[in-house]
Amino acid sequence: MEIPSKYKPAATEDKWYGYWSEKKYFHSEPDGREPYTVVIPPPNVTGVLHMGHMLNNTLQDVLVRRARMQGKNACWVPGTDHASIATEAKVVNKLKQEGIDKNDLSREEFLAHAWEWKEKHGGIILEQLKKLGASCDWDRTRFTMDGALYESVIDVFIDLYEKGLIYRGVRMVNWDPSAQTAVSDEEVIHKEVQSKLYYLRYRVEGVEGYLTIATTRPETILGDTAVCVHPEDDRFKSFVGKKVIVPLVNRAVPVIADEYVDREFGTGALKITPAHDIHDYEIGQKHHLESIDIFNDDGTLNEAAQLYTGKDRFAVREEIVGDLEKAGSLVKIEDYVNSVGFSERTDAVIEPKLSMQWFLKMKELAKPALEVVEKNDIKFHPAKFKNTYRHWMENVRDWNISRQLWWGQRIPVYYLSNGDFVVAKSGEEALEKARKQFHRPELQLSDLKQDEDVMDTWFSSWLWPISVFDGIRFPDNKEINYYYPTNDLVTGPDIIFFWVARMIMAGLEYRKEIPFKNVYFTGIVRDKIGRKMSKTLGNSPDPLELIKKHGADGVRVGMLLTAPAGNDLPFDEALCEQGRNFSNKIWNALRLVKGWKPEASLETPEHNKLAVSWFEDKLNETLAGIEKNFTGYRISDALMATYKLIWDDFCSWYLEMVKPAYQQPIDAFTLEKTVELFEKLMKMLHPFMPFITEEIWHLLRERKAGDDIIVASMPVSQSFDAENLKAFERAEQIIIAVRNLRKDKNIAFKEPLELKAKAGKTASCKFYPVVMKMGNLSSVETVAEKPEGVMVFTVGSQEFYVPANESVDVEAEIKKLEEELKYTRGFLVSVQKKLSNERFVNNAPSAVVEKERQKQSDAEARIKVLEGQLSGLK
């Protein structure tokens, strides 16, 4: 069979992915084998493949393919997340372009549009993952709004409510005016912003005088209900108990004292707006202050503000400053840098807002979830993330689980007109409960109104390792009992709280068992100058274009070459090029081996026997290291070890050692051994480069149906002879020295040389037959003394001699060496002169002096070599 001169990734990738899928190699069913389970971190259904997904899913695929080859029942569950905020925003935007306002639609009409959008655009990312080679069990694809998963979320809400862990209350929440929903603390990104600090004076009621406060948000004075000072601040003691007048709205508010106040900030007097600042809210609760909410849900001012009604909060900030100045209430403005919270989803500035929400008590759930990580029942890779995890778990706050959206799992709470409510799975069940609970048999379904809100997206994804196997609804089903707990989770440290911690809590609560045994945290993919990749910066390449250009295997290698766990990945497209070049190197090795013709009658040369024994030892030594790397989740290191074994040891050394002379046959033993070794290497490489390895596997020899590398057995390290490896290292150094000698003396490789080793402990080497072939030596012998007219080189402390043949002009060589020796001695004198100058040594930077000393040492060593070479030629 003719092997094409160039490897064509695109055709190969489509062919093998289709073949694997058709053969159902990715599909898993419970059986007697050891399960190996991974659940994909479900990407947003709105998403398209980016570089972070590429890294994350390449790592998962490496682990899954390796487990499959180790004989485990590998199950990688794919799926997508309904992503409430992101998806609803996209649907609202699409409707807007069609001239439809969400507010004009009923909930059912809007959801019909959302499902239509999901069916059309959702799941694109899963199709893109196939291009990467992801060996997911596509028959198991899940979506967090699928019927079974939706019902599981409802069941969990009801269960936690009945356990007293879910409650409803008015709390200060992080309000996103763009998405018009509450978001959790973890979904708020704090950024340093260049702001202004406005100094405003409040007239003291009933007396002459003013109290000056400082604020970054002058628009919120319209909701002020107090001014607060520190009880020990002498400057303000006389004001406590009096009232001051809020500018523009002329509201009289009390001056109160509280230790919370920072005397160093601004003037030391703090305006208190309980409805729009978390700390002010806490002070308001403590001092029983009125709370005036001045904002609408979209960030415009409402009637309670009395002024600027209907205008946006930032437009009002500009306008109110002018009005305060006119009123004589503005004292001064200063530049000020402060930390401002932004919504992770929409990038809108978060508005602290009092709102009636549903919360989940976290303290009780967090305790056991912290313990399993502390005790290493769940291992973090790298372990440094345990500190981050511990800090969050020890300071955990109740989770606001309600969202003011329509797309998501609707909160299963049903209200009566008087505010009473029941928690139930359906309207019918709610009616039955309400009749009993409130002793009102006359109630009808029309008397109940379901809560309008949905649950936080993370409230469905925290159940993911359980719900994908339907373990919430059917806790004793065959699949959950077989596949749970899962083995490895590969995710980013940015969702350690959103997702990892909560899955651990859910696993312990609903399975009394951890959800996974290991968590591998990837780093952030950055560009080569260290910036995070983003659409805005335009520094993120299109992954599918990269695959088109370099092949999926090339891109996978490029992603993994510099991807140590937990550390950021400085991505450079040149790495993918390196991956592509590696594919070409292996392809050329295949073409070389397939071009050899065996001859049964040929005896195996000694150098081939030695080469085979060395490479078998080298392969086993490397395999042992790779197995350790996988145990420690050093996947990048495992790839690098495989890469070097193939490129350096197999292609550059082994194949050169056993290669027959041009157009000559090869012995059958060597050819068979070479194919066997090539097969082992392809198995080791398969998890990293699945496509080219499957292609080569089938080209190396005829295969029976089903003899495919994807399900072949992963080689396991055997014992190896370390002395054999050491002996070859020495032989390698001798070969390199002979090659350098030929290069220096301009001696063609086709011209045979003799090699003489000076007698001594290190004179013998079992690999001399290999040295003879690789260095084109006619003989190797041991001599007691250095012969006349030889060229000299040393390996370690061992001297070697090569007689100068006719092609070496001895006189010209002597002249050249003498000239170099003269120059080097002169150079040494100039360096010594510098170093004998005390002023230079004492005053020059130590690095400069050290550099001169290094020059002296190098010159002395070179002089010794040149003198030795000269004495050999004279």
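To the nearest 0.05, how large is the calculated FRET efficiency for Leu445 and Ile278 if R₀ is 56 Å and r is the Cβ-Cβ distance?
Efficiency for this residue pair is about 0.90.
Relative contact order (percent) for the stretch 636-726, with alpha-carbon contacts under 8 angstrom and 6 or more residues of separation?
24 percent
How do the peptides 501-514, 54-67, 177-190 rank, highest first, by the average count of neighbouring beta carbon atoms within 10 Å per residue?
Descending mean neighbour count gives 54-67, 501-514, 177-190.
Just grab the label-to-label distance for Ala847 and Ser717, each label 7 Å out from Cα along the Cβ direction, in nm (one decimal).
Rounded to a tenth, the inter-label distance reads 3.9 nm.
Per 0.36 nm of contour for each residue apart, how much would the distance between Leu602 and Phe314 grow if the chain were fully extended, relative to their Cα-Cα spacing?
Value of the extension gain: 94.9 nm.
Take the Cα atoms of the stretch 206-255, find their three principal axes, and give me the spread along each one in whole Å, biggest first.
For the stretch 206-255, the Cα extents along the three principal axes come out at 29, 25, 16 Å.
Which residues does a label at Asn567 reach in the stretch 361-384, if reach means a backbone N under 20 Å from a point 7 Å past the Cα toward the Cβ?
Inside the label zone: 380-384.
If the label point is 7 Å along Cα→Cβ of Asp542, which residues in the stretch 99-130 have backbone nitrogen under 20 Å from it?
121-130
Given labels modelled 7 Å from the Cα in the Cβ direction, how far is it in nm from His698 to Lys6?
For the pair His698/Lys6, the computed spacing is 2.2 nm.
If you average the C-alpha positions of the stretch 627-645 and of the stretch 818-874 separately, how far apart do those two centres end up, in angstrom?
43 Å
I need the P(r) histogram for the chain: all alpha carbon pairs, bin width 10 Å from 0 out to the longest distance, whole percents.
2, 10, 15, 16, 15, 13, 10, 8, 6, 4, 1, 0, 0
Using R₀ = 30 Å, calculate the FRET efficiency as 1/(1 + (r/R₀)^6) where r is the Cβ-Cβ separation of Lys532 and Phe265; round to 0.05.
0.40
Which whole-Hz ³J(HN,Hα) couplings does the stretch 610-615 yield from phi under the Karplus relation 6.51 cos²θ - 1.76 cosθ + 1.60, θ = phi - 60°, glycine and proline marked x?
Taking θ as phi minus 60°, the curve returns 5, 4, 4, 4, 5, 5 Hz for the stretch 610-615.
So what is the calculated 222 nm ellipticity per residue for the chain, using -39500 (n - 2.57) for each DSSP H run with n of 4 or more, over all residues, to the nearest 500 deg cm²/dmol?
-13500 deg cm²/dmol, from helical runs alone.
What is the Cα centroid distance between the stretch 133-207 and the stretch 444-469, reported in whole angstrom?
So the separation of the two Cα centres works out to 14 Å.
Take the eigenvalues of the Cα gyration tensor for the stretch 461-546, scale each by 5, and report the square roots as semi-axes in whole Å, largest first.
Three semi-axes, in Å: 34, 14, 11.
Which peptide among 813-824, 634-645 comes first, and what is the full order, when sorted by highest mean count of other Cβ atoms within 10 Å?
Output ranking for 813-824, 634-645: 634-645, 813-824.
In whole angstrom, note down how far apart the Cα centers of the stretch 540-571 and the stretch 1-26 are.
Cα centres, the stretch 540-571 to the stretch 1-26: 21 Å.
On a full-extension model of 0.36 nm per residue, what is the gain between Val829 and Lys96, subtracting their alpha-carbon distance, rounded to one decimal in nm?
Net length gain for the segment: 255.5 nm.
Take the Cα of Arg107, step 7 Å along the line toward its Cβ, and report every residue of the stretch 427-463 whose backbone nitrogen sits under 16 Å from that point.
Output list for this probe position: 427-431, 445-456.
What nm value, rounded to one decimal, do you get for the distance between Gln664 and Ser778 when each label is placed 7 Å out toward the C-beta?
1.7 nm
So for the stretch 276-432, what are the equivalent ellipsoid semi-axes in whole Å, largest first, each being the square root of 5 times an eigenvalue of the Cα gyration tensor?
After scaling each eigenvalue by five and taking roots: 38, 28, 15 Å.
By a straight-distance test (C-alpha under 26 Å), which lysines pair with Lys237 as possible cross-link partners, with residues fewer than eight away in the same chain excluded?
Within the straight-line cut-off, Lys237 pairs with Lys271, Lys286, Lys332.
Search the structure for amide H atoms under 5 Å from the amide H of Gly789, placed 1.01 Å from N in the peptide plane, and list their residues when 5 or more places away or on another chain.
Residues meeting the criterion, in which the H sits 1.01 Å from N, are Lys874.
Grab the Cα-Cα distance for Glu290 and Lys594, subtract it from 0.36 nm times how many residues apart they are, and report the gain in nm with one decimal.
Taking 0.36 nm per residue and subtracting the Cα distance, the gain is 100.8 nm.
What FRET efficiency, computed as 1/(1 + (r/R0)^6) with R0 = 56 Å and r the Cβ-Cβ distance, is obtained for Ile524 and Ser238, rounded to the nearest 0.05?
So the FRET efficiency works out to roughly 0.55.
Would you kindly calculate the translational diffusion coefficient of the stretch 758-874, applying Stokes-Einstein with the Kirkwood radius from alpha carbon pairs, for 37 °C and a viscosity of 0.692 mPa s, and quote it in µm² s⁻¹ without decimals?
Roughly 193 µm²/s, to the nearest whole number.
Pairs of Cα atoms under 8 Å, at least six residues apart: use those to get the relative contact order of the chain, whole percent.
Relative contact order comes out at 12 percent.
Read the figures in this text as sums done on the coordinates, not as results from a lab. These numbers were taken from a predicted model, which means no experiment stands behind them. Methodologically, a virtual Cβ is constructed for each residue, glycine included, from the backbone with ideal geometry; neighbour enumeration extends over all protein chains shown.
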